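Any read-out appearing in this document is the output of simple, stated calculations on the displayed coordinates, not a laboratory observation. Values in this document were obtained by computation on a predicted structure and should not be read as measured data. No Cβ is skipped: glycine too gets one built from the backbone with ideal geometry, and neighbour counts run over all protein chains shown.
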Amino acid sequence: MSKVDDIKPIKKSEPKKCRTKFLSELERLKKSPLYAKALEEVISIEKKKNAISSFEINFSVQFATLFGEKMAVVGGHEALGNWDPSRAVEMNWNDGNVWKCTVISESNMADIPYKYICIRGALVRWENGDNRIVDLKVGVRVGNKVKVTNEDVWKR
C-alpha cells in the first residue's frame, strides 16, 4: 500500500493537523515525476475551466430626452470609448424613458469609471456629478462569463 492509501478520515476537531498532513503529502507527491506531471495537468485543466473569458455589462439609465436626442455611455475603458464621446456606446430607448445597452469585453478588466451622455447632433451633454463605477466584483458568474447590471437614474 502506498502512503496515500494509509490516510484515515479526519475528525472535525483536527483541521490544522489535516491541512499540515495534506500539504506534506502533496509536497512528497510533487517530487514524483509521474504525480507531478498529472498534478500539473489537472491544475491546468481546472484553471481553464474556472477562467473568466468575458464580462457582459448591462447599462440602463432613466432619462426623458427631447425629440432628436439619444443617450450613450462613455468611460475609462476601450469598450466604452476611452472617454471619447464619438466612440461612446449608444443606448436603445425603452418604455418609461429607460435607455439600455450591453457591452461585452475581455476578462482582463478592472473596475471601470463611466458616465452617461445625452447627444443631440454635435452637442454632447455630460451627466453631472462624480463618475460612476462598474464594480465587476458584484457580477453574477454564468459559465465563463460574468454579468454585471447597472441600473441608474440620470444625475442632474
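When you take every Cα atom in the stretch 69-114, what is the radius of gyration, and what is Dmax, the widest Cα pair distance, in Å?
Cα-based Rg and Dmax for the stretch 69-114 come out at 11.4, 35 Å.
Using packing as a proxy for protection, rank 80-86, 54-60, 124-130 so that the peptide with the highest average count of other Cβ atoms within 10 Å comes first. Intermediate results must be reported in sequence, preceding the final value.
On the way: 80-86: 14.9, 54-60: 19.6, 124-130: 12.7.
With the highest mean Cβ count within 10 Å placed first, the list reads 54-60, 80-86, 124-130.
For residue 152, enumerate residues with amide H under 5 Å from its amide H, sequence gap 5+ or separate chain, H modeled in the peptide plane.
Correct list: 60, 61, 62.
Can you tell me the equivalent ellipsoid semi-axes for the stretch 67-156? Use √(5λ) from the Cα gyration tensor, largest first, whole Å.
Each semi-axis is √(5λ); the values are 23, 15, 12 Å.
Beyond 29 Å between alpha-carbons counts as too far, so tell me which of 17/147; 17/37; 17/137 fall in that bin. Can you show the working numbers first?
Details: 17/147 39 Å; 17/37 27 Å; 17/137 33 Å.
Violating the 29 Å limit, Cα to Cα: 17/147; 17/137.
With θ set to phi - 60° and the Karplus curve 6.51 cos²θ - 1.76 cosθ + 1.60, what are the ³J(HN,Hα) couplings of the stretch 145-151 in order, to the nearest whole Hz, using x for Gly and Pro?
Result, ordered by residue: 10, 10, 9, 10, 10, 10, 10 Hz.
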